[in-house]
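Comments concern the structure below.
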Amino acid sequence: RFLLFLELMREVCKCKKENLGVFIKGLGVKNIVDFRMRRVLDYTHVNFNKEITLDMVADIACLSPGAFCKYFKNRMSRTFFSYLIELRIMHACKLLRQDGSYSIANVSNLSGFKSITNFNRMFKNYVGITPSNYIRQLDFE
């Protein structure tokens, strides 16, 4: 069994490594001990592709919207909506890397963006290139 395990580990090491989000500075989810923050992040990770309002997440954290904004920024070093956009963009990149079965409009919709214009602008802000250029770069790899 141990030899089989070692062979398996060797095969895993041979696998192509894929960078899942170079542009994201680390979402900062590791080692969250705070129960309140864990509830907010769990809710956000499950519902990121739906509409999430400040009032919703503030209620989950049992804080007022203003207090929640300060609370989140102190613990995560970014605003809640910046975090949410990064999460959505990361999901969009994952969908765009798939076999091309999704159009950019579908990816935008599936990632929780209401308009494709906003999606294109946010994608370029976070990734540095437009979604269509991102797909072209994937084709060259």
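The values are calculated or read from the model by the stated rules, or taken from the named source; none is laboratory data. If you're wondering where the values come from, they're calculated on a predicted model, not measured in any experiment. As a convention, Cβ positions derive from the backbone with ideal geometry for all residues, glycine included, and neighbour counts pool all protein chains shown.
Which of (1) in contact with a helix residue (DSSP H, G or I) (Cβ under 8 Å, 6 or more places away or on another chain); (2) under 18 Å from Val57 (Cβ atoms) is the odd one out, the single condition Ser82 does not satisfy?
Condition not satisfied by Ser82: (1).
Looking only at residues in region 87-113 that are among the polar types (S, T, N, Q) and without any contact (Cβ under 8 Å) to a residue 24 or more places away in the chain, which one is surrounded by the fewest Cβ atoms within 10 Å (Cβ to Cβ)?
Ser101
How many residues are of a type in the set (Val, Ile, Thr), surrounded by 13 or more Cβ atoms within 10 Å (Cβ to Cβ) and farther than 17 Å from Ser111 by Cβ when one looks only at region 29-78?
Total meeting the criteria: 5.
Restricting the first residue to region 62-79 and requiring it to be farther than 16 Å from Phe35 by Cβ, which pairs with a second residue that is of a type in the set (Ser, Thr, Tyr) and part of a loop (DSSP other than H, G, I, E, B) meet a Cβ separation below 6 Å and a spacing of at least six or different chains?
That search, which allows pairs on different chains as well, returns Lys73/Thr79.
So which residues in region 114-137 are assigned to a helix (DSSP H, G or I) and in contact (Cβ under 8 Å) with a residue 24 or more places away in the chain?
Hits for region 114-137 are Phe119, Met122, Phe123, Tyr126, Val127, Pro131, Ser132, Tyr134, Ile135.
Take the residues in region 84-113 that are in a loop (DSSP other than H, G, I, E, B) and farther than 19 Å from Val46 by Cβ; name whichever of them is modelled with the lowest pLDDT.
So, considering only residues that are in a loop (DSSP other than H, G, I, E, B) and farther than 19 Å from Val46 by Cβ, the one modelled with the lowest pLDDT is Asp99.
Which one of these does Leu63 not meet: (1) in a helix (DSSP H, G or I); (2) more than 26 Å from Tyr134 (Cβ to Cβ); (3) at pLDDT 90 or above?
For Leu63, the failing item is (1).
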